[in-house]
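Worksheet for the structure shown next.
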Amino acid sequence: MALHKGPEKPDERPMSVNPFYGEANPVGGMTEAPPKHRLPTAPLPPMTAYQLVHDELMLDGNSRLNLATFVTTWMEPQAGVLMAECRDKNMIDKDEYPRTAELERRCVAMLADLWNAPDPSAAVGCSTTGSSEACMLAGMALKRRWAQRNADRYPGARPNLVMGINVQVCWEKFCNFWEVEARLVPMEGDRFHLDPQAAAELCDENTIGVVGILGSTFDGSYEPIAELCAALDALQERTGLDIPVHVDGASGAMVAPFIDEDLVWDFRLPRVASINTSGHKYGLVYPGVGWALWRDKEALPEELVFRVNYLGGDMPTFALNFSRPGAQVVAQYYTFLRLGREGYRAVQQSTRDVARGVAERVEALGDFRLLTRGDELPVFAFTTAPDIEAYDVFDVSRRLRERGWLVPAYTFPPHREDLSVLRVVCRNGFSTDLADLFVEDLEQLLPELRRQSHPSTADKGAATGFHH
């Protein structure tokens, strides 16, 4: 969560609010707005409190027009009803809510089957608040397994984790919080993610694992998981080092099984020890729910698992978070039940078709160069063409925001800081009609942008809130 500090100036507002927000008599009562940074002295009528909060939230962006987020912004009304019915159920109370716990167990079993676990009944997994928590749990398991194998050297030796510099910020947090050295494979040229051979060369006896990303947030590309495992197989043959792989499938693990069936990236590769995904991304559920699975019990050290009483029996749990609503897990089960494999395939294929179509139309405008085309994740990144000098991607992002579209502009990490791009994430609900409106708005902005004498963004670091 973001860290916040107190107000920098007094928050009292001596002006009156809309008199109709008050009691039935519009001239009675409401003479001052309530304070913003301290509790008001007296209660407010529920409708007044609602209207004050509602009005302030109108200043937020429209989530359906947010092409920066991977998070689901549309679900069926029936899913919303189910979530409302379960929002008061605490997910951790397995004994009090046994059916919610059972639906969680079924989701884990379905994912184990979807991701081709050698024995789905032997795979272990859990729900989380999102992929960030799931990655933390997977990293903890990797570190503990390494520590067990190196008990004669640890804690003296410092563990490390190998990954591409394009990883989501949660992996940087993991390495910081759990005192693991992050060994990052840099970008080179037109390769915007991890190189398998470079990753293998960074491994040594203190490497707890290598993270492969099935769907980079920077450009939507899949990292080559099978090639990564092959490079680590060759490393083991040469050195004896047996390095496990964790697949961060926050987005791609709910895309590839349905529309990239021939792509081998999951538990079919013996070196893949664990996989995570975000149910609230291409799992098609509102935030926040994630999933972490291990191929078998050996991949998850027993001492990390806590046990709670469950229906008079034993319920193993593995989590950083404790209390959270059961609504998102129930919504995930609903979506699995509602769509099935064919339904997911249709949704994800439609989303990819929209992404590829928009990418082609953006390229056809002539002012932009595509880095990716939406043919892996339904995501594409693009930058200005080499001959465009009047404006940059930050100008485009700012002008699109004026029309309601939230499209992030950002600079790539070392060794490609020279490259600034825009990225469009296509999700279920971003229809062909909305895509048409987006391209039309972008096209209408170009004549004015072309008339600029130079790009207008002085501080590119402050030009966008996107940093991963």
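Results, tabulated for the structure shown:
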| quantity | calculated |
| --- | --- |
| Some residue of the range 367-374 being out of contact with any Lys or Arg (no Cβ under 8 Å at 6 or more places or on another chain), open to solvent by 30 Å² or more (accessible area, probe 1.4 Å), part of a loop (DSSP other than H, G, I, E, B) and in contact (Cβ under 8 Å) with a residue 40 or more places away in the chain | yes |
| All positions within the range 160-180 that are touching a Lys or Arg at 6+ places or on another chain (Cβ under 6 Å) and not hydrophobic (A, V, I, L, M, F, W, C) | Asn160 |
| Failed item in (1) closer than 17 Å to Gly290 by Cα; (2) open to solvent by 50 Å² or more (accessible area, probe 1.4 Å); (3) of a type in the set (S, T, N, Q), with Asn116 passing the rest | (1) |
| Members of the range 236-261 found to be assigned to a loop (DSSP other than H, G, I, E, B) and open to solvent by less than 20 Å² (accessible area, probe 1.4 Å), listed by number | Ile243, Pro244, Gly249, Ala250, Ser251, Val255 |
| Residue that is on the phi > 0 side of the Ramachandran plot, in contact with a Phe, Trp or Tyr (Cβ under 9 Å, 6 or more places away or on another chain) and surrounded by fewer than 22 Cβ atoms within 10 Å (Cβ to Cβ), where the choices are Gly340, Gly429 | Gly429 |
| Residues of the range 58-91 that turn out to be in contact (Cβ under 8 Å) with a residue 60 or more places away in the chain, in a loop (DSSP other than H, G, I, E, B), open to solvent by 80 Å² or more (accessible area, probe 1.4 Å) and of a type outside the set (A, V, I, L, M, F, W, C), as a count | 3 |
| Any hit, the range 214-224, residues being in contact with a Leu (Cβ under 8 Å, 6 or more places away or on another chain) and hydrophobic (A, V, I, L, M, F, W, C) | no |
| Qualifying residue in the range 151-172 (condition: acidic (Asp, Glu), under 17 Å from Ala250 (Cβ atoms) and either touching a helix residue (DSSP H, G or I) at 6+ places or on another chain (Cβ under 6 Å) or in contact (Cβ under 8 Å) with a residue 40 or more places away in the chain (or both)) | no |
| Among residues of the range 127-151, those that are open to solvent by 10 Å² or more (accessible area, probe 1.4 Å), within 11 Å of Leu320 (Cβ to Cβ) and not in a helix (DSSP H, G or I), counted | 1 |
| From Leu103, Leu111, Leu57, Leu82, residue being modelled with pLDDT of 90 or more, among the hydrophobic types (A, V, I, L, M, F, W, C) and touching a Leu at 6+ places or on another chain (Cβ under 7 Å) | Leu111 |
| Leading residue by the ranking (surrounded by the fewest Cβ atoms within 10 Å (Cβ to Cβ)) among those in the range 92-108 that are without any contact (Cβ under 8 Å) to a residue 40 or more places away in the chain and part of a loop (DSSP other than H, G, I, E, B) | Glu96 |
| Thr48 farther than 20 Å from Val305 by Cβ, part of a loop (DSSP other than H, G, I, E, B), hydroxyl-bearing (Ser, Thr, Tyr) and touching a Phe, Trp or Tyr at 6+ places or on another chain (Cβ under 9 Å) | no |
| Test: residue in the range 24-41 that is hydrophobic (A, V, I, L, M, F, W, C) and at pLDDT 80 or above | yes |
| Strands (runs of 3 or more DSSP E) contained in the range 272-347 and holding at least 1 residues under 24 Å from Val379 (Cα atoms) | 272-278, 290-294 |
| Those residues of the range 257-273 which are without any contact (Cβ under 8 Å) to a residue 60 or more places away in the chain and among the aliphatic types (A, V, I, L, M), in sequence order | Leu263, Val264, Leu269, Val272 |
| Options Gly212, Gly164: the member that is closer than 24 Å to Gly125 by Cα and open to solvent by less than 20 Å² (accessible area, probe 1.4 Å) | Gly212 |
| Odd one out for Ile388, checked against (1) part of a loop (DSSP other than H, G, I, E, B); (2) buried (at least 21 other Cβ atoms within 10 Å of the Cβ); (3) β-branched (Val, Ile, Thr) | (2) |
| Positions within the range 395-408 being of a type outside the set (Val, Ile, Thr), open to solvent by less than 50 Å² (accessible area, probe 1.4 Å) and either within 22 Å of Gln168 (Cβ to Cβ) or part of a loop (DSSP other than H, G, I, E, B) (or both), in sequence order | Ser397, Gly404, Trp405, Leu406, Pro408 |
| Which numbered condition Ser323 fails, given (1) closer than 24 Å to Asp113 by Cβ; (2) touching a residue at least 40 places away in the same chain (Cβ under 8 Å) | (1) |
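Let's see how each residue does on (1) open to solvent by 10 Å² or more (accessible area, probe 1.4 Å); (2) touching a strand residue (DSSP E or B) at 6+ places or on another chain (Cβ under 8 Å); (3) not in a loop (DSSP other than H, G, I, E, B):
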| site | (1), (2), (3) |
| --- | --- |
| Tyr410 | no, yes, yes |
| Val424 | no, yes, yes |
| Leu434 | yes, no, yes |
| Leu446 | no, no, yes |
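Table: residues versus (1) without any contact (Cβ under 8 Å) to a residue 24 or more places away in the chain; (2) open to solvent by less than 10 Å² (accessible area, probe 1.4 Å); (3) under 24 Å from Trp115 (Cβ atoms).
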site	(1), (2), (3)
Glu179	yes, no, no
Ala182	yes, no, no
Met187	no, yes, no
Gln197	no, no, no
Ala200	no, yes, yes
Ile208	no, yes, yes
Asp219	no, yes, yes
Cys229	no, yes, yes
Ala234	no, no, no
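The values are calculated or read from the model by the stated rules, or taken from the named source; none is laboratory data. These figures come from a predicted structure and were not determined experimentally. Cβ atoms come from the backbone with ideal geometry, glycine included; neighbour counts cover every protein chain shown. Heads up: the accessible areas ignore ligands, DNA and RNA and are worked out on the full protein's heavy atoms, side chains in. Shrake-Rupley method; radii C 1.70, N 1.55, O 1.52, S 1.80 Å.
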